[in-house]
Each structure stands twice: as C-alpha cells, then as structure tokens.
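To keep things clear, I will list the structure first and then write my remarks on it.
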Amino acid sequence: MKPNKMQTIGLVGFGSVGSMLGMGFSNKFNIVYYDPNVNDKQNDHKRVDSLKLLVKKSDIIIVATPASEFNKVINELVLYDIKDKLIIDVLSTKVLAGRVYKNNSAHFNNILSLHPLFEPPSNKYFIKDMRIVVCQNDGTKAKEFCNVLKNDYNFKLINKTAQEHDKHMALHHAVPFVLAHVLAKMQFSKNAGDLTIPTEEKLRRIVEIAGNESEDLYRSVVMANPYAQEAINELLQALQQEKHKLWSKVD
C-alpha cells in the first residue's frame, strides 16, 4: 500500500501518545484529531469538533485514548459508517481491546491492534527500528498499513496474541510501574546527594518517569490488564518471603 491511497489519519485522543503519533505520521499522511480535553494551539488547525466529523475526514482512525475510555469511543464510532475505515488502537492492554472489537464485529472490516514499545525520549517522536506489538491484524487495509510501518518507517513488528501480550506486560510493565509509584511515595526519587550510587541513579530515573505519567495511563497499564492483579499478588508474596528469609532468625 502506498501512503497516498490513505491520505488522512484521524486521531481520537491527542495526549502524549496521540500527539506523538500525529507528529510521526505527519510526514506521509494528513492529520486531524478529536480531543475535547486538549487545547493545543500549535496544532489547532488539525482539530475537528466532533467524532462524526473526524470519521468523515479520515481514512484511518487511530484510537489513542486511555483504556477506560476505549469502549465508549468504539460504541460511538460504530454509530457512523466506518466499514471502509481502518480502525487502529494503541492500547497497552490487548485483551480488553479484543473483547470490545468482538462485541462490535459487525461494524468492522479492518482492525489493527498495536502497542508501540516506546519510552522517553521516543515517546516524543518516531525512531528507527522502534518495536510495535501487533495483536490483531484483520482486513486488507490493516495488512497494507503494517507494510507501511515496516517499509516506510523501518519499524519492527512483533506478532503476539492478546493473551501473550497482556501476560508479559503484567510482569514486565505493570509490576515495575507499581513499584515505581510505591518508591515515589517513599520519596525515593529525592536527591540523595553525596551518598548516591550509580545503581540508585538508574532506579531513580525509572521512578521519575513513572511519576511523570498521567493517572489515566497508570490505571490503563495496571487495572485494565486482566493478569496484573495476579502479578502484583506474586510480587507481594515474594516480598513477604524475602522479609521472612532476612529477619525470621533475628526476630
């Protein structure tokens, strides 16, 4: 697929993820966005006033909202004629996305469920060889867009089922996120001055990144993942076992 066959990408949600995608794709696609919660004067010319108008203007619709809003957005999208549109989500929880798509399957011909694996500073712009997990790739337009991601943007696409993705992310994404928030509440991110060691600085950076993320993203990463609670319980059990190993004989 050549990008000029699908000229306009419409972004539902223009926060940190949506604006990054808009900036990254703007060299090959026209960009419009709908987000009533964002006042971005620099990109005001790209704003549309309703989801209905975004659907009308767009060939590709990327949903870049928090997981808590995803079902609501899809339920509104299906009110319009979207059968010929490519619908893409970038949720970090894919079991949820798959369930919502299945419940509305009669309205979709082309679905692409993606999770870009980025962290600062690549959340501000596209970088070569960025990895993107693909959990659902339905329809000709979805497969063609994947080719654009690989051939035009040099992204590495990783195919996983929604269950494989979420189980991995529960341990490797949600658990570190929770730990970072707990450490932040313990004021770990405050400067230790002359007593700081290199290993601590690396951990401090993780805590600072987590602390700068929105509450919506935090909840999306943790609470919307069906496997996260089990992973957190395993973490708590491991901490108790470690505490017992260290201090049981002392007590």
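The values are calculated or read from the model by the stated rules, or taken from the named source; none is laboratory data. A quick note: this is a predicted structure, and the numbers were derived from the prediction, not measured. Cβ sites come from the backbone with ideal geometry, for glycine too, and all protein chains shown count toward neighbours.
Here is how the numbers come out for the structure above:
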item: Some residue of the stretch 38-57 being surrounded by 19 or more Cβ atoms within 10 Å (Cβ to Cβ), within 23 Å of E76 (Cβ to Cβ), hydrophobic (A, V, I, L, M, F, W, C) and in contact with a Lys or Arg (Cβ under 8 Å, 6 or more places away or on another chain); result: yes
item: Residues within the stretch 58-109 that are part of a helix (DSSP H, G or I) and not basic (K, R), tallied; result: 20
item: Subset tally (residues that are over 15 Å from A67 (Cα atoms) and assigned to a helix (DSSP H, G or I)) for the stretch 208-251; result: 24
item: Some residue of the stretch 160-170 being in contact with a helix residue (DSSP H, G or I) (Cβ under 9 Å, 6 or more places away or on another chain), modelled with pLDDT of 95 or more and either assigned to a strand (DSSP E or B) or more than 20 Å from G98 (Cα to Cα) (or both); result: no
item: Some residue of the stretch 138-146 being out of contact with any helix residue (DSSP H, G or I) (no Cβ under 6 Å at 6 or more places or on another chain), buried (at least 20 other Cβ atoms within 10 Å of the Cβ), of a type in the set (G, A, S) and outside any strand (DSSP E or B); result: yes
item: Candidates K94, K143 - the one that is in the same structural domain as G18 (by TED's automatic domain parsing), closer than 30 Å to L239 by Cβ and modelled with pLDDT of 95 or more; result: K94
item: Filter result for the condition that a residue is in contact (Cβ under 8 Å) with a residue 40 or more places away in the chain and assigned by TED's automatic domain parsing to the domain that holds A142, over D59, D40, D84, D49; result: D59
item: Search result, residues across the stretch 14-56 that are under 22 Å from the mean Cα position of the chain (by Cα), closer than 22 Å to E69 by Cα, charged (D, E, K, R) and assigned to a loop (DSSP other than H, G, I, E, B); result: D35, D40
item: Residue match in the stretch 185-201 (condition: touching a residue at least 24 places away in the same chain (Cβ under 8 Å) and within 25 Å of the chain's Cα centre (by Cα)); result: no
item: Residue in the stretch 110-121 that is part of a loop (DSSP other than H, G, I, E, B), modelled with pLDDT under 95 and aromatic (F, W, Y) present; result: yes
item: In the stretch 155-186, the residues that are farther than 25 Å from A228 by Cβ and either out of contact with any strand residue (DSSP E or B) (no Cβ under 9 Å at 6 or more places or on another chain) or in the same structural domain as L217 (by TED's automatic domain parsing) (or both); result: none
item: Residue count for the stretch 147-165, restricted to those that are within 15 Å of D89 (Cα to Cα) and in contact with a Phe, Trp or Tyr (Cβ under 9 Å, 6 or more places away or on another chain); result: 1
item: Enumeration of residues in the stretch 163-178 that are over 19 Å from V17 (Cβ atoms) and either touching a residue at least 60 places away in the same chain (Cβ under 8 Å) or crowded, with 17+ Cβ neighbours inside 10 Å (or both); result: Q163, K167, A170, L171, V175, V178
